[in-house]
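The values are calculated or read from the model by the stated rules, or taken from the named source; none is laboratory data. Note that the structure is a prediction, hence the values are computed from the model and not measured. Please note: Cβ atoms are built from the backbone with ideal geometry, for glycine as well, and neighbour counts cover all protein chains shown.
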Amino acid sequence: MHNIEKEIFDLKSSLLKMFLLVEKQWKKGANAILNYDQDIAEEISSSENRINAQELKIDSDCENIIALHAPVAVDLRFILSTYKINHALEHIADIAESIAQYVANNNVPYDQKILQETRLTEMFDIFNIMMDCLIEAFENEDPKFARKVFKKDKLINKINTDAYQIIIDNLDKYDKNMLLYLLSTIRKIERAGDSLKKIGEEIIYHLEVKVIKHT
Amino acid sequence: MKYKLEAKNIDVFYGKLKALNNINIGITENAVTALIGPSGCGKSTFLRLFNRMNDYIDSFKLNGDILIDDKNIYEKDVFVDELRKNVGMVFQKPNPFPKSIFENVAYGLKIQGIKDKEFINTRVKDALKQAALWEEVKDDLNKSALALSGGQQQRVCIARALAVEPSIILMDEPTSALDPIATAKVEKLIHTLKEKYTIIIVTHNMQQAARISDYTAFFYMGDLIEFDKTNTIFTNPKMERTENYITGRFG
Ligand SMILES: Nc1ncnc2c1ncn2[C@@H]1O[C@H](COP(=O)(O)OP(=O)(O)OP(=O)(O)O)[C@@H](O)[C@H]1O
Ligand SMILES: [Mg+2]
């Protein structure tokens, strides 16, 4: 007989591992793009398999706990949140891979000046901070950290909106293909930011009910 | 909102032991209310208040009011036999008498002094139909009830309770001695019965409470900790103690 507390403890560790894998994937993605590192870009594709495997494992763990333990209340909420967060993370990892594709497949590096102007580096930094906050919130069950992502997401949105005009203004100065890829990369990071925000909401939802009850 | 049954400021003592502590609750008509909680918390004691079954216990003492249709059933002018016609009870272990199926179901009518055969036949048939047993036994009504399976025996007992046409049915762990198939039948039956009856059921099976009841009351050491819609109790209970109990974290 498996004890549900143990199952939930293990599930939490598995999801934390998923968080860390995806975080690493994004650090690699940023590195590949900002430093035009084609080797890292290739590596990202291969770590994608591990992330997919972890996603499937968490999925089937959730299914098993539901089938075997019929969880209710706080346990059920945790499992449903885990299930949603797991899929959101997988989606975010896909985005890291897809933005690194440019580096793997094209021979025109992103121009440093336009990277500066569009604030792509800053965007990656904010993204990584959001990720750190979520991991902190999830690991230590502290909704305060999850709440920090909302403001950061707004910053990411702003960078994304501004980028459009910057790219238009520079259309004649750079390789057009490179510029369009850059714009699409920024768009994708913005969407990944939205997913992080949703994860933040899930964590808060799951933890808040607990917090209210404990006080 | 008006309730079918109400408990007001209920304290119950068995000698010096306080088995229930200031319970206040309103039970909705035509709904299933589940009573849950750890062993010894007072569920059966509470359930038995509604048909005055505790009256037989010498050390039993009650404070407070138990109302059925707004009438205090512990008042002097209440006839317990009349009360029990209105409030049927089904127990944990199927307890048919060593008589035929027919005699078992007709029992309550006969002790009421009803002699009209036609009337009794109709009532027995209706009760067996309501208990979802008619099709299985209609050709064998004279067979001993003891020769039936546990699940069938329990449905005979339910039919016996229904035959006198009560408006309330009390059930104390009615499926704990049954296999999953028989349990499923009784649960389905409870679900259909609530159209006509008000049902209170004690169960140790959390999933059963979640499946069949509309309201759930959680008792702990003689206190009513939480009472709410079953949906709320099993998704987002307000009290940590309830959450710990239903998720199986109870020391
Ligand atoms: N006839 C009795 N005489 C004395 N004490 C009793 C009697 N019946 C019950 N009690 C006591 O009253 C308390 C509540 O008992 P009750 O049977 O109502 O609990 P319960 O919640 O139905 O438990 P279980 O789940 O085990 O059936 C317990 O402490 C029990 O020992
Ligand atoms: Mg009992």
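Does B:Asp58 satisfy being within 13 Å of ligand 1 (Cβ to nearest atom) and at negative phi?
Here the answer is yes, as B:Asp58 does meet what is asked.
Filter region B:12-32 down to the residues that are within 16 Å of ligand 2 (Cβ to nearest atom) and surrounded by 16 or more Cβ atoms within 10 Å (Cβ to Cβ) and list them by number.
B:Val12, B:Ala19, B:Leu20, B:Ile23, listed by residue number.
Tally time: how many residues in region B:48-65 are within 26 Å of B:Ile111 (Cα to Cα) and not charged (D, E, K, R)?
Number of matching residues: 7.
Within region B:193-208, is there a residue that is within 14 Å of another protein chain (Cβ to nearest Cβ), more than 16 Å from ligand 2 (Cβ to nearest atom) and in a helix (DSSP H, G or I)?
Yes - at least one qualifying residue is present in region B:193-208.
Is it the case, given these coordinates, that B:Ala34 is within 15 Å of ligand 1 (Cβ to nearest atom), within 14 Å of chain A (Cβ to nearest Cβ) and not charged (D, E, K, R)?
In short, yes.
Step by step: first the residues of region B:165-180, then only those that are surrounded by 20 or more Cβ atoms within 10 Å (Cβ to Cβ) and more than 16 Å from ligand 1 (Cβ to nearest atom), then the one that is farthest from the chain's Cα centre (by Cα). Which residue is that?
Among those residues, the one meeting the criterion is B:Leu178.
Picking from B:Val80, B:Val90, B:Val124, which residue would you name as being in contact with a strand residue (DSSP E or B) (Cβ under 6 Å, 6 or more places away or on another chain) and of a type in the set (A, V, I, L, M, F, W, C)?
B:Val90
Name every residue in region A:5-36 that is within 14 Å of another protein chain (Cβ to nearest Cβ), among the hydrophobic types (A, V, I, L, M, F, W, C) and buried (at least 17 other Cβ atoms within 10 Å of the Cβ), in order of residue number.
A:Ile8
Let's see how each residue does on (1) within 14 Å of chain A (Cβ to nearest Cβ); (2) buried (at least 23 other Cβ atoms within 10 Å of the Cβ):
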| site | (1), (2) |
| --- | --- |
| B:Leu148 | no, no |
| B:Leu162 | no, yes |
| B:Phe219 | no, yes |
| B:Thr247 | yes, no |
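Take region B:46-62 and flag every residue that is crowded, with 22+ Cβ neighbours inside 10 Å and either free of Cβ contacts under 8 Å to residues at least 40 places away in the same chain or of a type in the set (A, V, I, L, M) (or both).
Scanning region B:46-62 gives a single hit, B:Leu49.
When the residues of region A:117-148 are filtered to those that are surrounded by fewer than 22 Cβ atoms within 10 Å (Cβ to Cβ) and polar (S, T, N, Q), which remaining residue is nearest to A:Tyr181 (Cα to Cα)?
A:Thr121
Could you tell me whether any residue of region B:11-18 is more than 10 Å from ligand 1 (Cβ to nearest atom), in a strand (DSSP E or B) and in contact with an Asp or Glu (Cβ under 7 Å, 6 or more places away or on another chain)?
No, every residue in region B:11-18 fails to be more than 10 Å from ligand 1 (Cβ to nearest atom), in a strand (DSSP E or B) and in contact with an Asp or Glu (Cβ under 7 Å, 6 or more places away or on another chain).
Please enumerate the residues belonging to region B:1-20 that are basic (Lys, Arg) and either under 18 Å from the mean Cα position of the chain (by Cα) or within 18 Å of B:Asp69 (Cβ to Cβ) (or both).
Matches in region B:1-20: B:Lys2, B:Lys4, B:Lys8.
What residue, among those in region A:61-77 that are buried (at least 18 other Cβ atoms within 10 Å of the Cβ) and among the charged types (D, E, K, R), is nearest to the other protein chains (Cβ to nearest Cβ)?
Residue satisfying both the conditions and the ranking: A:Asp75.
Has region B:226-243 got at least one residue that is more than 14 Å from chain A (Cβ to nearest Cβ) and under 17 Å from the mean Cα position of the chain (by Cα)?
no
Suppose we filter A:Ala67, A:Ala53 for residues that are part of a helix (DSSP H, G or I), without any contact (Cβ under 8 Å) to a residue 12 or more places away in the chain and under 27 Å from B:Thr216 (Cβ atoms); which single one remains?
Unique residue meeting the criteria: A:Ala67.
How many residues does region B:160-184 contain that are within 16 Å of ligand 2 (Cβ to nearest atom), modelled with pLDDT under 90 and either in a helix (DSSP H, G or I) or of a type in the set (Ser, Thr, Tyr) (or both)?
1
Among the residues of region B:80-102, count how many are more than 16 Å from ligand 1 (Cβ to nearest atom) and touching a Leu at 6+ places or on another chain (Cβ under 9 Å).
So the count comes out to 10.
Which residue, of B:Ser44, B:Ser39, is within 16 Å of ligand 1 (Cβ to nearest atom), assigned to a helix (DSSP H, G or I) and more than 14 Å from chain A (Cβ to nearest Cβ)?
It is B:Ser44.
Of all residues in region A:84-115, which are aromatic (Phe, Trp, Tyr) and surrounded by fewer than 19 Cβ atoms within 10 Å (Cβ to Cβ)?
Across region A:84-115, there are no qualifying residues.
How many residues are away from ligand 1 (no atom under 16 Å from the Cβ), under 22 Å from B:Arg48 (Cα atoms) and more than 15 Å from the chain's Cα centre (by Cα) if we restrict to region B:181-209?
Of the residues in that region, 0 qualify.
Please indicate, with yes or no, whether at least one residue in region B:68-79 is among the acidic types (Asp, Glu) and either within 16 Å of ligand 1 (Cβ to nearest atom) or touching a Pro at 6+ places or on another chain (Cβ under 8 Å) (or both).
no
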